[in-house]
Amino acid sequence: MVTTPTLTPAEEQLEMIRQSARDFAEAHIRPNFMEWDEQEIFPRDLFKMMGEYGFLGVLVPEEYGGTGLGYAEYITIIDEIAKVCGSIGLSVAAHNSLCTNHILMFGNQEQKQKYLPALASGEHIGAWGLTEPNTGSDAGRMRTVAVKQDDGSYILNGAKNFITHGISGEVAVVIVRTGELLDSHGMTAFIVERGDKGFRGGKKEMKLGMRASETAELIFEDCHLPADRILGEVGEGFIQSMKILDGGRISIAALSVGIAHGAFDAALAYSKEREQFGKAISKFQAISFKLAHMATEIQAAELLTREAGRLKDAGLPVTQMSAMAKLHASETACMVANEGVQIFGGYGFTREYPAEKFYRDCKLLTIGEGTSEIQKLVISRNLLRK
C-alpha cells in the first residue's frame, strides 16, 4: 500500500500559494501573453488584479498592506508566473524586489506608511534606477547628480536607462551621485514620484524579448526633491543598492527557473506527440538524453535558488549564494530554451509554438541585475576573501 506523505502546515501553505499563482497565470496571462508580446503591450490592468491576489507585496508586512510572506513563497509565485510568460514574471520580480523592497528595507516609518500600501495593492507600480547609458556594471561612474540646496532639498539632473516600468511606474527609487566620482559613499537613494516637476519617462526600448515588460529611460531635468525623499542616509545609496541586488538576484534566479520550467514542459509535451519514423521523437536517445540533461540542470538551479531564499529569510549572508543561483539558473534557462527550440525543430522557429518566445525571453536573464560575468566576479571575490 502506497501512502501519501503528510504535508506540514508550511508545505500546505506553499502548495496553496503555488496553485493560486498557477491558476491565475492560466486564467489571466496565458490567453493574452502572445498578443502582449507581439504588440509590446504592458498590461497595466493585469497588475492591479495581481495586487488584489497579493502578488505585488509578497515580502511586505501586513501592517503595510502586504502579504507578509517570505522568499520561499516569493520564489514559487515568480516560478509559476514565468512558466507562462517571462515578461510578466520579470515585471512582478522588479516591482517586488527592487523598488518596493528598497523602501521596505531602508525607508523610515513615514516613507513605508506612505508608499508601501499602494505598491503592495497594485495601485502604484514601482521602478528602480541604477543603470545609466554610460554605466552598466560600472555604477561608480554614474553621471546623474543630486545637488543640495540651501533649504536642504535637492535638484536632480541626468538620466537612467533600461529601467523596468520607466514610463508607467508611479513611484521610482533612484540612486544618484551626491559626492565624488567613484566614491562608494558618494551616492544616495531618493524616492521620486510620477508628477514631480522635472521628472519624466523617456524612450521606450524595443526589445528582443520580455516585450510585455516595459523598459524605458528615466529623465531628470532640474527635478526638485525635498529632503524627506532620501532613503536612509546621504551617501548610503551604493551600499544599499548592493544589498537590494542580493535579493534581486534571487528574483532573477526564480524567474530563470520558471522560464526553464516552461520551456522544458513545452518541449517534453511536444516530444511525446511528435512522431518521426513511426514513433514519438521522445523515444529516440538523442531527444531523451536532451530531456534528461535539461531536467537535471533545472533541478539544480531550483535547489540553488531555494537555498539562497532560505538564507535570505534567515537573515544570513546571501551574496555568494544569490550570485551562484542567478548565474546557474540564468545560464540553465538559456540552455533549456535553446534545446527546446531544437526539439521542436522547424516549428520551434515559428510563433505557432511557445518555444521561440522562451528562447527570446531567456537571454535577458544573463544580463539584467548583473551579467553572468559579474556574478562570477562576485563569487570569486567571496571565495578568495575567506
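Some notes on this structure:
- A simple spin-label model places the labels of S153 and N108 1.8 nm from each other, with each point 7 Å out along Cα-to-Cβ.
- FRET efficiency for F284 and E26, using Cβ-Cβ distance with R0 set to 30 Å, rounded to 0.05: 0.45
- Annotation: extensible slack from K376 through Q19 equals 125.1 nm (criterion: 0.36 nm per residue apart, minus Cα-Cα distance).
- Cut-off under 5 Å, modelled amide H: who pairs with G129 long-range: V173, V174, I175
- What you get for region 167-272, charging only the Cβ of Lys and Arg (+1) and of Asp and Glu (-1), is a dipole of about 580 debye around the Cα centre.
- Summarising the strand pairing of region 105-257, around 85 percent of its internal DSSP beta bridges are antiparallel.
- Most fluctuating residue given options M210, M16, M321, as computed from a GNM of the chain linking Cα atoms under 10 Å: M16
- Selected from M324, M105, M142 as most flexible by GNM, with the chain as the system and alpha-carbon contacts under 10 Å: M105
- Calculated FRET value between A314 and M206, using beta carbons and R₀ = 51 Å, to 0.05: 0.75
- Distance between the 7 Å Cα→Cβ label points at R274 and T8: 4.2 nm.
- Using 0.36 nm per residue and subtracting the Cα-Cα separation, the extra length available between R141 and E38 on full extension is 33.5 nm.
- About its Cα centre, the dipole of region 121-221 is roughly 380 debye, where the only charges are +1 on Lys and Arg Cβ and -1 on Asp and Glu Cβ.
- Under 16 Å of direct C-alpha separation, and excluding same-chain neighbours fewer than eight residues apart, K112 reaches these aspartates and glutamates: E62, E63, E123, E170, E193, D228, E233.
- Residue of A280, A127, A333 that the Gaussian network model of the chain assigns the largest fluctuation, springs spanning Cα pairs under 10 Å: A280
- Cβ-Cβ FRET estimate between D183 and A292, R0 fixed at 41 Å, reported to 0.05: 0.20
- Lysines with Cα under 21 Å of K376, excluding same-chain neighbours fewer than 8 positions away: K243, K312, K326, K363, K386
- In this label model, E52 and I367 are separated by 3.6 nm, measuring between points 7 Å along each Cα→Cβ vector.
- Only Lys, Arg, Asp and Glu carry charge here, each on its Cβ (+1 for the first two, -1 for the last two); on that basis region 260-344 has a dipole of about 120 debye about its Cα centre.
- Rounded to the nearest whole Hz, the Karplus-based 3J(HN,Hα) values (6.51 cos²θ - 1.76 cosθ + 1.60, θ = phi - 60°) of region 37-44 follow the sequence 5, 5, 9, 6, 9, 8, x, 4, with x at glycine and proline.
- Qualifying GluC sites (Glu not before Pro) for region 113-198 [loop in DSSP, other Cβ within 10 Å: at most 15]: E123, E180
- When the helices of the chain are scored as -39500 (n - 2.57) per DSSP H run of n ≥ 4 and the total is divided over every residue, the value at 222 nm lands at -16000 deg cm²/dmol.
- Net length available on complete extension from R194 to A227 is 10.2 nm, with 0.36 nm assigned per residue and the Cα-Cα distance removed.
- Normalising the average separation of contacting C-alpha pairs (under 8 angstrom, six or more residues apart) by the number of residues puts the relative contact order of the chain at 16 percent.
- Global form of region 9-139, assessed from the alpha-carbon gyration tensor, a/c cut-off 1.5: oblate
- Charge dipole (the chain, unit charges on Cβ, about Cα centre) - positive-most of M142, T100, P31: M142
- The H on the amide N of T215, modeled in the peptide plane, is under 5 Å from the matching H of H165, E205, each at least 5 residues off or on a different chain.
- 3J(HN,Hα) along region 58-72: 4, 8, 7, x, 4, 5, 10, x, x, 8, x, 9, x, 6, 4 Hz, from the Karplus curve 6.51 cos²θ - 1.76 cosθ + 1.60 with θ = phi - 60°, whole Hz, x for Gly and Pro.
- Counting only residues at least eight positions apart within a chain, or on another chain, the lysines with an alpha carbon under 23 Å from that of K272 are K83, K283, K290, K357.
- Centroid-to-centroid separation of region 213-227 and region 337-386 [C-alpha atoms, Å]: 30 Å
- Residue by residue, region 228-235 carries 3J(HN,Hα) couplings of 6, 8, 6, 8, x, 10, 4, x Hz when phi is fed to the Karplus relation 6.51 cos²θ - 1.76 cosθ + 1.60 (θ = phi - 60°); x denotes Gly or Pro.
- Cα gyration tensor shape for region 105-261, rounded if a/c is under 1.5, else prolate or oblate: rounded
- Under the shape rule built on the C-alpha gyration tensor, where the axes satisfy a ≥ b ≥ c, region 227-386 is prolate, since a/c reaches at least 1.5 and a/b is greater than b/c.
Values in this text are rule-based calculations from the coordinates and carry no lab data. Quantities reported herein were computed from a predicted structural model and do not represent experimental measurements. Backbone-built Cβ (ideal geometry, glycine too); neighbour counts: all protein chains shown.
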